[in-house]
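Peer 1: What follows is a structure written as structure tokens; I'll ask about it next.
The values are calculated or read from the model by the stated rules, or taken from the named source; none is laboratory data. Note that this is a predicted model, so its numbers are computed, not measured. No Cβ is skipped: glycine too gets one built from the backbone with ideal geometry, and neighbour counts run over all protein chains shown.
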Amino acid sequence: MRRNSRDAELRERARLVIPGGMYGHESAALLPDTFPQYFARADGAYLWDCDGNRYVDYMCAFGPNLLGYRHPAVEAAAAAQAAEGDTMTGPSEAMVVLAEDFVSMISHADWAIFCKNGSDATSMAMVTARAYRDRKKILVARSTYHGASPWNTPSLKGIVPEDRAHIITFDYNDLDSAKAAFRSAEGDVAGVFATPFRHEVFADQFLPSAEYATGLRRLCDEADALLIIDEVRTGFRLSRDCSWAVHGVAPDLSAWGKVLGNGHPISALLGSDKARQAASSIYVTGSFWFSAVPMAAAIATLNAIRSTDYLERIVAVADRLRDGIDEQARRHGIPVRQTGPAQMPLILFDDDPDMRKGSFWTGTAARLGVYMHPYHNMFCCAAMTPADVDDTLEITDRAFAELKNALPSLPAQPNERLLQRLAQRR
């Protein structure tokens, strides 16, 4: 089997014409060279690189693949709409149907606005919150990721202090810290962002307490500020409703993306009637925000979410994978930590501060036909089968064996950019 010859050629060509050879996708660009960077096609739960190698794909395009790549019903709906028109002078009927369907499914939502990326949706949520009571301060849990806009991007290159002058941080799942942030704002809180669970790179994932979720809702109500749930990564992978509905918490705004069109480019901001006037008053636009093909794909995706057992099947294969890896780690005597919901797995190795173990293990798995990630949360999709998981576990078992043989003389992590990123985080 060929390994990375075509991929290496494309990387070299990209370095000449694309800044850094790979812009806007740090979690791919920082991977060791053993990982392919360019891909030729995808279908169901599988991905093929440009050298023709097939992988069981546990990144799911970093989240958008929910039902399976090239899902027949989604692609049929997209093709039918493409035959009629896509990006036109105005929206098609699909926008109204999609808004009606989406609002009917999410308990807190009374309206929807569609855009393209998660960053569009979260930034629009921020502007809407500020317009709600003409306030400035936005509260964000420290080191949480809400998109690549200047007010939140993890890199400070090209960012000036004024971009973040009205962002106040607090500790995730720490209600006392959130209360202190409210006090420091002196009555000027416009909105508070919350992720359904903690899912940052390089660190264990964890669910917040119900007290934290309900406490943030109460603090927002007391201050007449808007509570914003960022569902861009988590939407429809934890629940068929907004994720904090399990705590009885209804946000005022929620940002959605990734899975909404099962790979077609569309995201959304949902809101309650409380925020309707504010959302109507802001200026937001995009040349492709009215494109009809992604909306038709999203209508079909939402129909599958409503009418199938997609979520239950994802959880079943995810639990099978987690149990198998736990057993292998114990048997090989190499401790790992699997944290967060099983359907969005994160696997980190104990005593691995520079990600050498994780990079070796996932790199070995990739060489053998399973695409996993050493420090970013992964994703399971509804196209995965128990047989896919069993095939995966055969490969991860071999990767554990190779890792065990390589210890303790494991070669140093060759990716200096990753080491720099880890140092910045610390």
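Peer 1: Which count do you get for residues in region 40-57 that are surrounded by fewer than 17 Cβ atoms within 10 Å (Cβ to Cβ) and under 23 Å from ILE18 (Cβ atoms)?
Peer 2: Number of matching residues: 3.
Peer 1: Can I ask one more? Might you let me know whether region 335-354 holds any residue that is assigned by TED's automatic domain parsing to the domain that holds ASP51, part of a helix (DSSP H, G or I), under 23 Å from the mean Cα position of the chain (by Cα) and at pLDDT 95 or above?
Peer 2: The answer is no; no qualifying residue exists.
Peer 1: While we're looking at this one, here's another question. Go through region 338-366 and give me each residue that's out of contact with any strand residue (DSSP E or B) (no Cβ under 6 Å at 6 or more places or on another chain) and β-branched (Val, Ile, Thr).
Peer 2: Within region 338-366, THR362, THR364 qualify.
Peer 1: Hey, among the residues in region 108-134 that are under 22 Å from the mean Cα position of the chain (by Cα) and not in a helix (DSSP H, G or I), which one's surrounded by the most Cβ atoms within 10 Å (Cβ to Cβ)?
Peer 2: Restricting to residues being under 22 Å from the mean Cα position of the chain (by Cα) and not in a helix (DSSP H, G or I), the top hit is PHE114.
Peer 1: Of all residues in region 171-215, count the ones that are outside any loop (DSSP other than H, G, I, E, B) and either of a type outside the set (Phe, Trp, Tyr) or modelled with pLDDT under 95 (or both).
Peer 2: Applying the first criterion (outside any loop (DSSP other than H, G, I, E, B)) to region 171-215 yields 175-185, 189-194, 198, 206, 210-215.
Add one more test, that the residue is either of a type outside the set (Phe, Trp, Tyr) or modelled with pLDDT under 95 (or both), and what stays is 175-181, 183-185, 189-192, 194, 198, 210-211, 213-215.
Of the residues in that region, 21 qualify.
Peer 1: For region 302-326, give me each residue that is out of contact with any helix residue (DSSP H, G or I) (no Cβ under 9 Å at 6 or more places or on another chain) and assigned to a helix (DSSP H, G or I).
Peer 2: SER307, GLU312, ARG313, ILE314, VAL315, ASP319, ARG322, ASP323, ASP326
Peer 1: Output the number of residues of region 156-204 satisfying the condition of being more than 29 Å from PHE379 (Cα to Cα), free of Cβ contacts under 8 Å to residues at least 24 places away in the same chain and not acidic (Asp, Glu).
Peer 2: 11
Peer 1: Does ILE168 satisfy the criteria of being outside any loop (DSSP other than H, G, I, E, B) and touching a Gly at 6+ places or on another chain (Cβ under 7 Å)?
Peer 2: In short, no.
Peer 1: Follow-up question, since we're still on this one. Exactly one condition in (1) closer than 30 Å to ILE266 by Cβ; (2) in contact with a helix residue (DSSP H, G or I) (Cβ under 6 Å, 6 or more places away or on another chain); (3) of a type in the set (Ser, Thr, Tyr) is not met by TYR172; state its number.
Peer 2: Single failed check for TYR172: (2).
Peer 1: While we're here: Looking only at region 237-260, which residues are part of a loop (DSSP other than H, G, I, E, B), surrounded by fewer than 24 Cβ atoms within 10 Å (Cβ to Cβ) and not basic (Lys, Arg)?
Peer 2: The answer is LEU238, SER239, ASP241, GLY248, VAL249, ALA250.
Peer 1: Can you tell me which residue within region 261-280, out of those that are crowded, with 24+ Cβ neighbours inside 10 Å and more than 19 Å from ASN303 (Cβ to Cβ), is nearest to the chain's Cα centre (by Cα)? First the steps, then the outcome.
Peer 2: At the first step, the residues of region 261-280 found to be crowded, with 24+ Cβ neighbours inside 10 Å are 261-263, 266-271, 275.
Those still in the list that are more than 19 Å from ASN303 (Cβ to Cβ) too: 269, 271, 275.
Values: LEU269: 16, GLY271: 20, ALA275: 25 Å.
Filtering region 261-280 for residues that are crowded, with 24+ Cβ neighbours inside 10 Å and more than 19 Å from ASN303 (Cβ to Cβ), the one nearest to the chain's Cα centre (by Cα) comes out as LEU269.
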